[in-house]
Amino acid sequence: MKGGNMPRVEYNQDNAQKCQCGVCPVQTQSECVKNLMMKMKQMKAQMEQTPENKMPEPKDMPGLYCAIGKAYCQDLDPTKGCVCPTCDVWKENNLKSKYYCQKGNAEVIG
């Protein structure tokens, strides 16, 4: 797609399941991320019991930053290596940049 209105990465269950942010060294030592991950485990059990299978609010998602933008957690360590290029979401959407948790969400590169 050409032009300035390129589609963004979708914030959905499929992309959330492929997301590699949970194993990214940038956020592995974050207490905020650890708390969100515990909350996500609790939410997952509830989501499996509801037919809507709704996505959590972006502020509660410890990942998929290429879709939602900068991380809510402020204790990430951007000096650590980014794993975006190992992620299927990154590959499938033809993304080029990295560190979405610090820089914000991505637009698809045409």
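Since every read-out is calculated from the coordinates, none of them should be taken as a lab result. No experiment lies behind these values; they were computed from the predicted model shown. Cβ: placed from backbone, ideal geometry, glycine included. Neighbour counts: every protein chain shown.
Using amide H atoms built 1.01 Å from N in the peptide plane, name the residues 5+ places from Val9, or on other chains, whose amide H lies under 5 Å from its own.
Ala106, Val108
Expected output is a single nm value to one decimal: the length gained when fully extending between Lys80 and Gln29, i.e. 0.36 nm times separation in residues minus the C-alpha distance. What is it?
So the chain would gain 17.3 nm between Lys80 and Gln29.
Between Gln42 and Gln13, what is the FRET efficiency for a Förster distance of 22 Å, r being their Cβ-Cβ separation, to the nearest 0.05?
Efficiency, rounded to the nearest 0.05: 0.80.
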